[in-house]
1. Scan region 143-164 and tell me whether some residue there is free of Cβ contacts under 8 Å to residues at least 40 places away in the same chain, in a loop (DSSP other than H, G, I, E, B) and small (Gly, Ala, Ser).
2. Can you give me the number of residues within region 153-176 that are closer than 23 Å to residue 51 by Cβ and basic (Lys, Arg)?
3. Any residue at all in region 13-22 that is within 21 Å of residue 193 (Cα to Cα) and surrounded by 14 or more Cβ atoms within 10 Å (Cβ to Cβ)?
4. Taking only region 94-113 into account, find how many residues are under 22 Å from residue 172 (Cβ atoms) and in a helix (DSSP H, G or I).
5. Which condition from (1) within 29 Å of residue 10 (Cα to Cα); (2) in contact with an Asp or Glu (Cβ under 9 Å, 6 or more places away or on another chain) is the one that residue 122 breaks?
6. What number goes with the only condition from (1) within 15 Å of residue 55 (Cβ to Cβ); (2) touching an Asp or Glu at 6+ places or on another chain (Cβ under 9 Å); (3) surrounded by fewer than 18 Cβ atoms within 10 Å (Cβ to Cβ); (4) not polar (S, T, N, Q) that residue 5 does not pass?
7. Taking region 5-28, which residues are part of a strand (DSSP E or B), within 17 Å of residue 65 (Cβ to Cβ) and either modelled with pLDDT under 95 or touching a helix residue (DSSP H, G or I) at 6+ places or on another chain (Cβ under 9 Å) (or both)?
8. For region 48-93, how many residues are of a type outside the set (Lys, Arg), crowded, with 16+ Cβ neighbours inside 10 Å and either over 17 Å from the mean Cα position of the chain (by Cα) or not in a helix (DSSP H, G or I) (or both)?
Amino acid sequence: MELTAVLTIEQLNFNHPGRALFRNFDLQLGTGVTWLRGENGAGKTTLLKLAGGALDAHGGSIRLDGIDIAQQPLAYRLQAFYCGGDLPQLPWLTVRELLDLHLSLYPATDAALLDGQVQALHLGGALEQPLTTLSLGQHKKVQLALALALPVRLLLIDEPFNGLDADAMAHLRRQLADPARLAGQCIVLTSHLEPELPLARTVQL
């Protein structure tokens, strides 16, 4: 069965100082979960950031349902979300204000769905806290609540299970294994642990 590509990366080039990390790299991914594997330094996080628009490629093209990230960056970013575990450097915001900011950036988001994710991850008591007061686990949960609620086509999650308690891990796995989500989203995650999810593909860097 031929793959219907959601994310298309062609002839990607990206260099770290003194080292070519990606050279003419090609990748096509459809809907469902792709597990991105590789040793430390192989470029897993960098690839997620490139696909999410957090880094600019040095050559090649990245397209999401035909939308080129370089030619239509705003349209592309409306359909993609990179979840790296670290919150934006906006220390003056509370958790609620950060969530409200994303509701305005992604206007098609269902606010009730986002609230449901917040409650499922036991973040309700932290809504009025400044971001600087959150624990590492709470930081991760805020990012995951957004990742699971935003109506994006491309979801990129770096080490989603790190720092999570057992309840949060179980909730995340249930959400990522939901058949409707698997049919409609291209989900790319890195993990040193076996994801224990229905995988569409495993990519080794």
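1. Of the residues in region 143-164, the ones free of Cβ contacts under 8 Å to residues at least 40 places away in the same chain are 148, 161, 164.
Add one more test, that the residue is in a loop (DSSP other than H, G, I, E, B), and what stays is 161, 164.
Subsequent filtering for residues that are small (Gly, Ala, Ser) retains none.
No - not one qualifying residue is present in region 143-164.
2. 2
3. Start the filter on region 13-22 by keeping residues that are within 21 Å of residue 193 (Cα to Cα), which leaves none.
For region 13-22, residues within 21 Å of residue 193 (Cα to Cα) and surrounded by 14 or more Cβ atoms within 10 Å (Cβ to Cβ): absent.
4. As a first pass, look at region 94-113 and keep what is under 22 Å from residue 172 (Cβ atoms): 95-96, 98-99, 102-103, 106, 109-113.
So of that shortlist, the ones also in a helix (DSSP H, G or I) come out as 95-96, 98-99, 102-103, 111-113.
Within region 94-113, residues that are under 22 Å from residue 172 (Cβ atoms) and in a helix (DSSP H, G or I) number 9.
5. That leaves (1) as the condition not met.
6. (1)
7. Across region 5-28, the qualifying residues are 7, 9, 27.
8. 17
The values are calculated or read from the model by the stated rules, or taken from the named source; none is laboratory data. None of the values given here were measured: they were computed from a predicted structure. Heads up, the Cβs are rebuilt from the backbone with ideal geometry, glycines too, and the neighbour counts pull from every protein chain shown.
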